[in-house]
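Okay, so here's the structure we're looking at.
The values are calculated or read from the model by the stated rules, or taken from the named source; none is laboratory data. As the structure is a prediction and not an experimental result, all values here were calculated from the model. Cβ sites come from the backbone with ideal geometry, for glycine too, and all protein chains shown count toward neighbours.
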Amino acid sequence: MYCCTKVTEDVIWIGINDRKTERFENYLPLDNGVTYNSYLIYDEKTCAIDAVEAGQSGSFYAKLENSLRERELDYLVVNHVEPDHSGAIKELFRIYPNLKIIGNMKTLDMLKAFDENFPVDAFITIKEKDVFDLGKHKLTFYTMPMVHWPESMCTYDMTDKILFSNDAFGSFGALDGGIFDDEVNHEFYEDEMRRYYSNIVGKYGSSVNAIMKKLAGMDIQYICPSHGILWRSDIHKILNLYQKWANLEPEKEGVVIVYGSMYGHTAQMAEILGRELGNRGIHDVIIYDSSRTDHSYIISKIWKYKGLMIGSCAHNNAVYPKIEPLLHKLENYGLKNRYLGIFGTMMWSGGGVRGISEFASKLKGLEVIGEPIEVKGKATSLDIDQLQYLASQMADKLIGERTE
């Protein structure tokens, strides 16, 4: 009835699916929903790991009450204060007035910032590698600042070898069936995990590398994030993916082509590039109209593939309005380790190709392939030849990196 699932004998998943919220953080589309994962450790002392958003918490309280089996909730570990994980705390205090909150000093400061009446005497301050004894289960803690807030931390159950990682290793997507990686379609959740990482955590690769070093050598049997599926079978795979993402290393050979076009002429150039890449043996080619596809999906695919081609018509002597914020985000994230092709259209003074070239000049980790192609009006047969040559240069770069 309550859809509570055991992670181990004493650890219970009491998370909830949110299929109503349209946008995460009010800007990222949730076409397939999202989960707010919470966990209960049922021991001599009861302890929940992270809570949920206040507006989504009705079934959470019922699951928690059912899993407690008429006991009180003694502790709540707050790995991250963002309201989608801490919003339910006020109501938890009302239901369980003797509840104690566990977190670090920055956790306390932020909880007080969200609630000026937060009961400070109910807060237990922990430090890095402190051990908290629940009876059978011993918890220890690792700070992970800027993954993706300053107070962020993860909790490690030393008994069952569970890493409660909060937003790290999280993904979009509600849990439609199973909750573990070996019970669901990997590909969907890996895509949604990459979209989550690249758009929310992606700027903080150095911080992710720092926590990855802390986790190296640890015996981790389960990774239990605060969003998305739980990992128990393919843990090394997801750790390796996270390491790649943190270093902005592409996963695959393919090419993302994204364009901004008012009347279809820049779009036509993108189609020519894509077709020639296919003719040259590049199997993964994805073309995006920046006006139709949310940038979170485009950024996720840019994180995945080695090749990137960006095209823009000129608009008010500058880059097309839907391309400009994409460039800003990629610059902010410090995109690197990619091959970049540049193309676009103009009529008199231009601006689109110039703007993309200026973007490329700021990111030393990008290798611009060939010469930018700027067409006046509609592509001529000579322009088409140049586009095909640019695509062949991109293909040659990618094919040259193939290994036997």
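Yes/no per residue for (1) assigned by TED's automatic domain parsing to the domain that holds Lys161; (2) more than 14 Å from Asp191 (Cβ to Cβ); (3) over 21 Å from the mean Cα position of the chain (by Cα); (4) not in a helix (DSSP H, G or I):
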| position | (1), (2), (3), (4) |
| --- | --- |
| Gly228 | yes, no, no, yes |
| Tyr242 | yes, yes, no, no |
| Thr266 | no, yes, yes, no |
| Leu273 | no, yes, yes, no |
| Ile287 | no, yes, yes, yes |
| Ser291 | no, yes, yes, yes |
Query raised in the report: What about His85, is it surrounded by 20 or more Cβ atoms within 10 Å (Cβ to Cβ), at pLDDT 95 or above and either part of a strand (DSSP E or B) or assigned by TED's automatic domain parsing to the domain that holds Thr159 (or both)?
Result: no
Query raised in the report: Say we look at segment 32-44 and pick out the residues that are part of a loop (DSSP other than H, G, I, E, B) and in contact with a Gly (Cβ under 6 Å, 6 or more places away or on another chain); which of these is surrounded by the fewest Cβ atoms within 10 Å (Cβ to Cβ)?
Result: Glu44
Report task. Enumerate the pairs (first residue in segment 228-249 and in contact (Cβ under 8 Å) with a residue 12 or more places away in the chain and buried (at least 18 other Cβ atoms within 10 Å of the Cβ); second residue anywhere and among the charged types (D, E, K, R) and outside any helix (DSSP H, G or I)) with beta-carbon separation below 6 Å, excluding pairs fewer than 6 apart on the same chain, so at least 6 apart or on different chains. Result -> Leu248/Lys336
Requested in this report: Can you confirm whether segment 384-403 contains a residue that is of a type in the set (Val, Ile, Thr), at pLDDT 95 or above and outside the structural domain of Met269 (by TED's automatic domain parsing)?
Outcome: yes
**Report entry** Criterion violated by Glu70 - all others in (1) of a type in the set (D, E, K, R); (2) within 27 Å of the chain's Cα centre (by Cα); (3) on the phi > 0 side of the Ramachandran plot satisfied
**Finding:** (2)
Query raised in the report: For segment 12-47, what are the residues that are farther than 12 Å from Phe172 by Cα, touching a Ser or Thr at 6+ places or on another chain (Cβ under 6 Å) and touching a residue at least 40 places away in the same chain (Cβ under 8 Å)?
Result: Ile12, Trp13, Ile14, Gly15, Ile16
Query raised in the report: Given the conditions (1) among the hydrophobic types (A, V, I, L, M, F, W, C); (2) modelled with pLDDT of 95 or more; (3) assigned to a loop (DSSP other than H, G, I, E, B); (4) over 24 Å from Arg194 (Cβ atoms), and given that Trp348 satisfies all but one, which numbered condition is not satisfied?
Result: (2)
Query raised in the report: How many of the residues making up segment 192-226 are touching a helix residue (DSSP H, G or I) at 6+ places or on another chain (Cβ under 7 Å) and either of a type in the set (Phe, Trp, Tyr) or part of a helix (DSSP H, G or I) (or both)?
Result: 12
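With Thr159, Thr125 as the choices, which residue is crowded, with 16+ Cβ neighbours inside 10 Å and touching a strand residue (DSSP E or B) at 6+ places or on another chain (Cβ under 8 Å)?
Thr159
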Query raised in the report: Can you pull out the residues in segment 347-364 that are in contact with an Asp or Glu (Cβ under 7 Å, 6 or more places away or on another chain) and surrounded by fewer than 21 Cβ atoms within 10 Å (Cβ to Cβ)?
Result: Gly350, Lys362, Leu363
Query - Of the criteria (1) over 17 Å from the mean Cα position of the chain (by Cα); (2) farther than 18 Å from Ile238 by Cα; (3) hydrophobic (A, V, I, L, M, F, W, C), which one Leu163 fails - result: (2)
Query - Number of the exception - Val120 against (1) closer than 27 Å to Ile211 by Cβ; (2) surrounded by fewer than 20 Cβ atoms within 10 Å (Cβ to Cβ); (3) β-branched (Val, Ile, Thr) - result: (1)
Query raised in the report: Looking at segment 269-280, which of its residues are surrounded by fewer than 18 Cβ atoms within 10 Å (Cβ to Cβ) and out of contact with any helix residue (DSSP H, G or I) (no Cβ under 7 Å at 6 or more places or on another chain)?
Result: Glu271, Arg275, Gly278, Asn279
Query raised in the report: Pairs under 9 Å by beta carbon, first residue assigned by TED's automatic domain parsing to the domain that holds Val77 and farther than 16 Å from Gly87 by Cβ in segment 112-133, partner among the acidic types (Asp, Glu) and surrounded by 10 or more Cβ atoms within 10 Å (Cβ to Cβ), six or more apart or different chains?
Result: Asp133/Glu44
**Report entry** Residues (among the small types (Gly, Ala, Ser) and either under 16 Å from Asp109 (Cβ atoms) or in contact with a Ser or Thr (Cβ under 7 Å, 6 or more places away or on another chain) (or both)) located in segment 120-141
**Finding:** Ala122
Query raised in the report: Is it the case that Asn79 is within 28 Å of Lys161 (Cα to Cα), within 26 Å of the chain's Cα centre (by Cα), touching a residue at least 60 places away in the same chain (Cβ under 8 Å) and not in a helix (DSSP H, G or I)?
Result: yes
